[in-house]
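Please read the structure below before turning to the comments.
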Amino acid sequence: MTTLLPDTAQLLAFIGAGLALNIIPGQDMLYVIVQSSQGSMQRGLLSALAIGCGTLFHIAAVSLGLAGLLAAVPIAYSVVRIAGAIYLVWLGISMWRTSGQRESQQAETWQSGRRGMFLQGMLTNMLNPKVALFFLALLPQFCDPARGSMGLQLALLGLIFCVNGTLVLLAVSLATHFTSRRLGSSNAGQRWLKRFGGSVLALLGLRLLLQRGQ
């Protein structure tokens, strides 16, 4: 299986590029920051892991050749983009609606809805077609048919990128959690943090909804 990977220099270049790209704030990082500033530490960590699992969906799509449909069929890209945008707007509105909950109520909601929250994080990533197109553009640059199955090479490189990205999001989650506890430990502070985060997600969704093309 090691022959499927590029040589050491190329692999290190790929890992370095992946880390550099993963620390650039984007939709996934904003979502993790918003979730990490609310309630328990586990909430943010679960959100980061959910985003990582959502990324695996895109990696599988690229490895199987399905992601090419988004690039080749504009209507398919538009449908996924609009669905993702609407979902972000809904998330933002939901955060505003629940911003008045006390910390004890948030903790109770968290304890009873971990599975739903995990699915929420996965969908946040899965409904972003730009992730699949990004992998479609990046991963083949480090593949070589002479090393064997292109599908397996794409999957391995995608998995490495996913692990790097998830580690970055976990670090962001921890940093955000401890910072938010210091800056907004009161109920009022938590409420406004949640409203701000909800506004950011909703505005991001509206921006995606109004975009044309890729």
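For the stretch 37-52, state whether one or more residues are assigned to a helix (DSSP H, G or I), without any contact (Cβ under 8 Å) to a residue 40 or more places away in the chain and either crowded, with 21+ Cβ neighbours inside 10 Å or small (Gly, Ala, Ser) (or both).
The answer is no; no qualifying residue exists.
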Name the single residue that is surrounded by the most Cβ atoms within 10 Å (Cβ to Cβ) among those in the stretch 76-100 being under 29 Å from residue 157 (Cβ atoms) and not small (Gly, Ala, Ser).
88
Of all residues in the stretch 142-155, count the ones that are surrounded by fewer than 17 Cβ atoms within 10 Å (Cβ to Cβ) and either at negative phi or assigned to a helix (DSSP H, G or I) (or both).
8
May I ask you to list pairs of residues, at least six apart or on different chains, whose Cβ atoms are under 9 Å apart, with the first in the stretch 13-26 being under 14 Å from residue 141 (Cβ atoms) and surrounded by 11 or more Cβ atoms within 10 Å (Cβ to Cβ) and the second being of a type in the set (Val, Ile, Thr) and at pLDDT 85 or above?
14/160; 15/160; 18/160
Of all residues in the stretch 118-142, which are within 24 Å of residue 76 (Cβ to Cβ) and of a type outside the set (A, V, I, L, M)?
120, 121, 124, 125, 128, 129, 130, 134, 135, 140, 141
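For every residue, the table says whether it meets (1) modelled with pLDDT of 80 or more; (2) in a helix (DSSP H, G or I); (3) surrounded by 14 or more Cβ atoms within 10 Å (Cβ to Cβ).
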site	(1), (2), (3)
140	yes, yes, yes
157	yes, yes, yes
173	yes, yes, yes
188	no, yes, no
194	no, yes, yes
200	yes, yes, yes
Conditions (1) buried (at least 21 other Cβ atoms within 10 Å of the Cβ); (2) touching a Ser or Thr at 6+ places or on another chain (Cβ under 7 Å); (3) not basic (Lys, Arg) -> residue 161 fails only (2)
Flag if residue 84 is assigned to a helix (DSSP H, G or I) and in contact with a Phe, Trp or Tyr (Cβ under 7 Å, 6 or more places away or on another chain)
no
Qualifying position, being out of contact with any Ser or Thr (no Cβ under 6 Å at 6 or more places or on another chain), among the hydrophobic types (A, V, I, L, M, F, W, C) and in contact (Cβ under 8 Å) with a residue 40 or more places away in the chain, among 167, 193, 154, 127
127
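The values are calculated or read from the model by the stated rules, or taken from the named source; none is laboratory data. This one's a predicted model, so the numbers in the text were calculated from it and none came from an experiment. Positions of Cβ are backbone-derived with ideal geometry, glycine not excepted, and every protein chain shown enters the neighbour counts.
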